[in-house]
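Taking it in order: structure first as structure tokens, then the write-up.
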Amino acid sequence: RKDQTAGSLIWIGETYFGLGESSSDDAKRAERYFKDASEAYQQILDRVKEDAKFVDEDRVTAVRLRQAGCRRKQKQFDKAKSMLTPILTQNGNILDAQIEANQLYQDWGADAEKDRGRYYLLAIHGDPKLKSWGWGVTAKNIHRMINSGNPDAKVIYEDKLYQSIYAQMMCRYEYGMTLSGAKRKEQFNYALSELRSF
């Protein structure tokens, strides 16, 4: 319907996004759900162009992030990157945007037929052009947040810390797999060192 509220469109988008994530064993079904989620989020963004008060600015940013996530899940990596660029350019300290950018490059590397190693390195170390941190700096910044003295920080951020550390090691391993000989071994040793350090 054309007269949906912002709340109902967000609910629709989140429902389809959740269905897409739970359909990882059926790629075609998952792609359809992410497409439906993307359409719901796009309706919100279109309505905001007509009426700036349709939804507040923080929610608009969250919707754009979800839209980028849908594009990433659909393997439309260039589109996802173009959606993340203005968000990170405007405010590079949005943690969820940084995590989405890191995940974008990790997934891009997993799907790429060539230059796989380059995408994994961007996932690990970040992309200055996109203003992304990479998993390594993301983990350090989350660790700093947890140790900031805020008693709720551990509950809020701990899962994201583990996600970042795990993803960094996986990207290091996958990057190593694109190499051979001593260079491959060096990357595996880095991954082992990161694991032991953690």
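I'm trying to understand the selection: among the residues of the range 158-174, which are in contact with a helix residue (DSSP H, G or I) (Cβ under 6 Å, 6 or more places away or on another chain) and either among the charged types (D, E, K, R) or touching a residue at least 60 places away in the same chain (Cβ under 8 Å) (or both)? Show your work before the answer.
Quick first cut of the range 158-174, residues in contact with a helix residue (DSSP H, G or I) (Cβ under 6 Å, 6 or more places away or on another chain) only: 160-161, 164-165, 167-169, 171-174.
K160, S164, A167, C171, R172, E174 - these are the residues of the range 158-174 that are in contact with a helix residue (DSSP H, G or I) (Cβ under 6 Å, 6 or more places away or on another chain) and either among the charged types (D, E, K, R) or touching a residue at least 60 places away in the same chain (Cβ under 8 Å) (or both).
Pairs, please: C-beta under 8 Å, at least 6 apart or cross-chain, first residue basic (K, R) and in the range 15-35, second part of a loop (DSSP other than H, G, I, E, B)?
R29/S23; K35/Q74
Being in a helix (DSSP H, G or I) and aliphatic (A, V, I, L, M) is the filter here; which residues of the range 1-55 pass it?
Correct list: A6, L9, I10, I12, L19, A27, A30, A37, A40, I44, L45, V48.
Return yes or no: is Q4 open to solvent by less than 50 Å² (accessible area, probe 1.4 Å), more than 26 Å from L130 (Cα to Cα) and of a type outside the set (A, V, I, L, M, F, W, C)?
yes
Filter the range 146-186 down to the residues that are more than 27 Å from A97 (Cα to Cα) and in a helix (DSSP H, G or I), then identify the one that is least open to solvent (accessible area, probe 1.4 Å).
Ranking the candidates gives G181 first.
Yes or no: the range 49-58 includes at least one residue that is over 20 Å from D3 (Cα atoms) and either in contact with a Ser or Thr (Cβ under 7 Å, 6 or more places away or on another chain) or modelled with pLDDT under 95 (or both). Before the answer, list the steps.
We begin by selecting, within the range 49-58, every residue over 20 Å from D3 (Cα atoms); these are 57-58.
Imposing the further condition that a residue be either in contact with a Ser or Thr (Cβ under 7 Å, 6 or more places away or on another chain) or modelled with pLDDT under 95 (or both) reduces the set to 57-58.
Looking through the range 49-58, at least one residue is over 20 Å from D3 (Cα atoms) and either in contact with a Ser or Thr (Cβ under 7 Å, 6 or more places away or on another chain) or modelled with pLDDT under 95 (or both).
Given Y16, Y41, Y33, which one is of a type outside the set (G, A, S), crowded, with 17+ Cβ neighbours inside 10 Å and in contact with an Asp or Glu (Cβ under 6 Å, 6 or more places away or on another chain)? Talk me through it step by step, then tell me what you get.
Numbers: Y41 fails: in contact with an Asp or Glu (Cβ under 6 Å, 6 or more places away or on another chain); Y33 fails: in contact with an Asp or Glu (Cβ under 6 Å, 6 or more places away or on another chain).
The unique qualifying residue is Y16.
Consider the range 18-37. How many of its residues are over 12 Å from K75 (Cα atoms), touching a helix residue (DSSP H, G or I) at 6+ places or on another chain (Cβ under 7 Å) and among the small types (G, A, S)?
4
Go through (1) of a type outside the set (D, E); (2) over 21 Å from I10 (Cβ atoms); (3) open to solvent by 50 Å² or more (accessible area, probe 1.4 Å) one by one and return the number of the condition P86 breaks.
Of the numbered conditions (1) of a type outside the set (D, E); (2) over 21 Å from I10 (Cβ atoms); (3) open to solvent by 50 Å² or more (accessible area, probe 1.4 Å), the odd one out for P86 is (2).
Run D58 past the list (1) over 26 Å from G134 (Cα atoms); (2) without any contact (Cβ under 8 Å) to a residue 12 or more places away in the chain; (3) assigned to a helix (DSSP H, G or I) and report the number of the one that doesn't hold.
The one condition D58 does not meet is (1).
Go through K53, K75, K79 for me and flag whichever is surrounded by fewer than 17 Cβ atoms within 10 Å (Cβ to Cβ), basic (K, R), on the phi > 0 side of the Ramachandran plot and out of contact with any Pro (no Cβ under 9 Å at 6 or more places or on another chain).
The conditions single out K75.
Yes/no matrix, rows are residues, columns are (1) in contact with a helix residue (DSSP H, G or I) (Cβ under 8 Å, 6 or more places away or on another chain); (2) in a helix (DSSP H, G or I):
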| residue | (1), (2) |
| --- | --- |
| Q98 | yes, yes |
| Y105 | yes, yes |
| E113 | no, no |
| L130 | yes, no |
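Take R66 and tell me if it is among the charged types (D, E, K, R) and buried (at least 18 other Cβ atoms within 10 Å of the Cβ).
yes
The values are calculated or read from the model by the stated rules, or taken from the named source; none is laboratory data. What you see is a predicted model, and the numbers here were worked out from it, not measured in a lab. We place every Cβ from the backbone using ideal geometry, glycine too, and count neighbours over all the protein chains shown. These area figures cover heavy atoms from the full protein model, side chains too; ligands, DNA and RNA do not enter into them. Shrake-Rupley method; radii C 1.70, N 1.55, O 1.52, S 1.80 Å.
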